[in-house]
Amino acid sequence: MTPHLSSTNPSSIKTRFAYKFLRALKRLNRHRPTSPPSPNDIFRGFRMIKMASYASMASAVGSRRGWSRAVLRKIRCRALEIRRRRKCGGMIRRRSGERNKVDKLRNLVPGGEAMDLCSLLDETAHYIGCLTTQVQVMRNIVDLCST
């Protein structure tokens, strides 16, 4: 059972994400080239849709969650990098050897590197819920567009 956008609570994360994501897709569609796309254009479009999805979800959640702040910070950093054509931030640290499960989880959740275990588990649960919401909304959009 997938709820429709019109029957959901207007203040729910799902509704806020759907509106923000659809607005982002509309903006991306305005900048679409009229000529047949090259493979690089297709990959670039895929990445832009992915970033729009993450930005819309993080924006819908707001700054209440650490993962959403980390996603928005990363997107802003990338935007500055593209504008300035230089790398943002410091060097990426790589660990050698075995990593335990908590370290793996820290790397999966945006901003998880700086969280204690309790906060990490709370943020992980919320992040998984938001990813599930993303998938549901995107499926609904595809279903609406394909009928």
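The values are calculated or read from the model by the stated rules, or taken from the named source; none is laboratory data. Note that the coordinates shown come from a computational prediction; the quantities given were computed from them, not determined experimentally. Glycine also receives a Cβ, built like all others from the backbone with ideal geometry; neighbour counts cover every protein chain displayed.
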(message) Can you say whether residue 79 is part of a helix (DSSP H, G or I), small (Gly, Ala, Ser) and at pLDDT 90 or above, as far as the supplied structure shows?
(response) no
(request) Answer yes if at least one residue in the range 31-51 is within 29 Å of residue 114 (Cβ to Cβ), buried (at least 16 other Cβ atoms within 10 Å of the Cβ), modelled with pLDDT of 90 or more and out of contact with any helix residue (DSSP H, G or I) (no Cβ under 6 Å at 6 or more places or on another chain), and no otherwise. (result) yes
(request) Among the residues of the range 61-75, write down those that are in a helix (DSSP H, G or I) and over 16 Å from residue 27 (Cβ atoms). (result) 61, 66, 67, 68, 69, 70, 71, 72, 73, 74
(request) Can you tell me which residue among 99, 93 is of a type in the set (Lys, Arg) and either modelled with pLDDT of 90 or more or loosely packed, with under 11 Cβ neighbours inside 10 Å (or both)? (result) 93
